[in-house]
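A.B. asks: Starting off with a structure, shown below.
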Amino acid sequence: MSSKSSGKKKTRFSNNVLIENRRARFEYEVLEKVEAGIELSGCEVKSLREGGGTLMDVYAMTKGTQAFLRGMHIKPYEQGNVQNAEPDRDRRLLLHRKEISRLIGQTAQKGLTLIPLRVYFTERGWAKVELGLCRGKREHDKRDTIRKRDAEREMRRDFKLR
């Protein structure tokens with residue numbers, strides 16, 4: 001009895017979604033997605049792997065030729081030492097200069113902002129953030145989203161009963 005592998009090697013890092021900002025998809029209309037690296041200290045990485053981060057009220061901003069995540073809370077690592085980073089500091093995003101200048105141009109438009117949608121680790125172990133170029137939804141758009149979600153749920157329920 002031989003077992004065949006699917007060819008894809010599973011590692012402990014494979015697309016490990018750590019934090020997801022589900023509220024952002026309800027509050028904002030995602031127009032475009034961009035993947036960026038995050039500059040973290042060693043203790044922050046260990047704390048993230050334990051699930052010690054939140055994306056509530058977080059947004060990305062640009063200063064000059066750099067981009068930063070503002071408001072992301074990563075709790076201090078319990079086994080850390082004096083070198084634990086401040087939990088609410090601005091974290092630099094690792095993007096190419098052309099990407100940053102393109103995002104600056106798009107966020108200069110009225111009503112567009114960069115919102116982090118999820119934080120995850122790649123197969124190589126790098127911490128990444130998926131940013132969404134978003135436009136805020138109005139109240140009637142939110143009602144439409146709720147109506148569509150309820151209709152899909154009802155259809156799935158009816159399909160399951162048949």
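Read the figures in this text as sums done on the coordinates, not as results from a lab. Model, not experiment: these values are computed from the prediction. Don't worry about glycine lacking a Cβ; one is built from the backbone with ideal geometry, like all the others, and counts go over all protein chains shown.
A.B. asks: Quick one: dipole size for the chain, taken about the Cα centre, charges +1 on Lys/Arg Cβ and -1 on Asp/Glu Cβ, in debye to the nearest 20.
C.D. replies: Numbers: 37 positive and 23 negative charges, 144 e Å.
Charge dipole, the chain, about its Cα centre: 700 debye, nearest 20.
A.B. asks: For a quick protection proxy, order the peptides 73-81, 144-152 by their average other-Cβ count within 10 Å, most packed first.
C.D. replies: 73-81, 144-152
A.B. asks: Now for a different question. Given that just one value was derived from the coordinates, which of (1) 15; (2) 39; (3) 20 is percent of Cα pairs over 27 Å apart?
C.D. replies: Working out percent of Cα pairs over 27 Å apart from the coordinates points to (2).
A.B. asks: OK, next. Sort the following peptides by mean Cβ neighbour count (other Cβ atoms within 10 Å, averaged over residues), highest first: 155-162, 62-69. Please list the in-between numbers first.
C.D. replies: On the way: 155-162: 7.9, 62-69: 15.0.
Top to bottom by mean Cβ count within 10 Å: 62-69, 155-162.
A.B. asks: Mean separation of Cα pairs under 8 Å and 6+ residues apart, divided by the residue count of the chain: what relative contact order is that in percent? Could you put the intermediate results ahead of the total?
C.D. replies: Details: 265 pairs, mean separation 51.0, N = 162.
Answer for the chain is 31 percent.
A.B. asks: Could you sort 119-132, 93-106 so that the peptide with the highest average Cβ count within 10 Å comes first and the rest follow in order?
C.D. replies: Packing proxy ranking, top to bottom: 119-132, 93-106.
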